[in-house]
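> Here's a structure for you.
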Amino acid sequence: MNQQNTPAHVAIIMDGNGRWAQKRGMPRIMGHREGVRAVRDIVRAAPGAGAGVLTLYAFSTENWKRPVLEVQALMALLKTYLQSELAELAANGVSLRWLGERGKLPADVQKLLENAMAATAANSRLVLNLALNYGGRNEIVRAARELARRAKAGEIDPAAISEEIFGSCLDTAGLPDPDLVIRTGGESRLSNFLLWQASYAELYVTDTLWPDFTRDDLLAAIRYFQSRQRRFGETGEQVGR
Ligand code: FPP
C-alpha cells in the first residue's frame, strides 16, 4: 500500500453481524461474537495502515430498541473485550476514548471504560474511539446544551460561537475529523454516525459483513480513499493545481 496520503482518521460502521450468523443458522449473538474478533484484527492493523485514529460504532442510541437478550449479550461482549484486551491495548500504545452519552450503559461497563481510558490516556500510537450509546444528533444536542449553559452563565458570547468552539464541545474534541467512513454489510446510510464530523469524509460501502472484514479489506478501503480527489468545496481545477 502507498503510505502517502493515508487517512488520519478512519471510522467504521460495523454492520452485518446478524446476517453473518443467520446465514450459518446461528443466533445473531454469534455474529456479534465473531464481530469482536474482527474488532481485534482491525485495531491491530490500523496503525500499520497509517491511521492514527480509529472510531468504531459499537452501540448506538437507537440500539436499545433491540431485543433485551441481544442488548444484554452485546454488553457482556463489551465487558469481556475491555477486560481481556486492556493489557494488549496499553502495550501497543493505544489510547482508548469513549464517544457517547454517559449514564445509560450498565455501571460495570462504564467503570471498565473509565478505567481503560485512564490507564491508556498517555498513549499516542493509535486513538481508539468506541462509540457506545452514541448518536450524532444526541452528541450535537449535548454540545448545544453545554454552550447554552456557558452563555447563560456569561462565560461565552453567543455571537462568538464558531465551528471550532462547537467542535470542542463534541465527544471527538481535539481529534481530526474522519477522512474515511467505512460501512460494512452493504447499506449506504450513516445511521446517526458522526453527523457533524463526517461532513467531508469519503464514504466506502462494502458488501462484506463485519465478521468477515479483514486487514486486507481495510487496505482496500484505504486504496479507494487514495484514489479520490478531495475538493472540500473547491473545483477540481483548483485542487489539482
Ligand atoms: C450491527 O450489526 C452491529 C452492532 C449493532 C454491534 C456491533 C458490535 C460488535 C462488533 C461487537 C462489540 C464491539 C466491541 C468494540 C467489542 P447488525 O446486528 O445490525 O447486523 P445485521 O444488519 O446483519 O442484522
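> If a/c stays under 1.5 just call it rounded; otherwise compare a/b with b/c (prolate if a/b is bigger, oblate if not). Do that for the range 89-241, with a ≥ b ≥ c from the square roots of the Cα gyration tensor eigenvalues.
oblate
> Sort out for me the Cα centre separation of the range 192-219 from the range 129-173, rounded to whole Å.
Measuring centre to centre over Cα atoms gives 25 Å.
> In what order do Asp212, Asp157, Asp15 fall by count of nearby beta-carbon atoms within 10 Å, going from fewest to most?
Asp157, Asp212, Asp15
> Just flag the chymotrypsin sites (Phe, Trp or Tyr not before Pro) in the range 165-234 sitting in loop per DSSP whose Cβ has no more than 14 other Cβ atoms within 10 Å.
The qualifying sites are Tyr200, Phe232.
> Another question, if that's okay. What is the range 117-194 by shape, rounded, prolate or oblate, if you read a ≥ b ≥ c off the alpha carbon gyration tensor as root eigenvalues and call it rounded for a/c under 1.5, prolate for a/b larger than b/c, and oblate otherwise?
oblate
> Pick from Ala90, Ala118, Ala153: which residue has the top mean-square fluctuation in a GNM of the chain where Cα pairs under 10 Å get a spring?
Result for the chain, Cα springs under 10 Å: Ala153 fluctuates most.
> Among Met14, Met117, which comes first, second and so on when ranked by fewest other beta-carbon atoms within 10 Å?
Met117, Met14
> Mind checking which lysines have their Cα closer than 26 Å to the Cα of Lys104? Skip sequence neighbours fewer than 8 apart in that chain.
Counting by Cα, and skipping residues close in sequence, Lys104 has these lysines nearby: Lys65, Lys79.
> Can you give the net charge of the other residues whose Cβ lies under 10 Å from the Cβ of Gln110, counting K and R as +1 and D and E as -1?
Value of the local net charge: +1.
Every read-out reported here was derived from the displayed coordinates using simple, explicitly stated rules and does not represent laboratory data. Every value quoted in this text rests on a predicted model; they were computed, and no experiment measured them. Don't worry about glycine lacking a Cβ; one is built from the backbone with ideal geometry, like all the others, and counts go over all protein chains shown.
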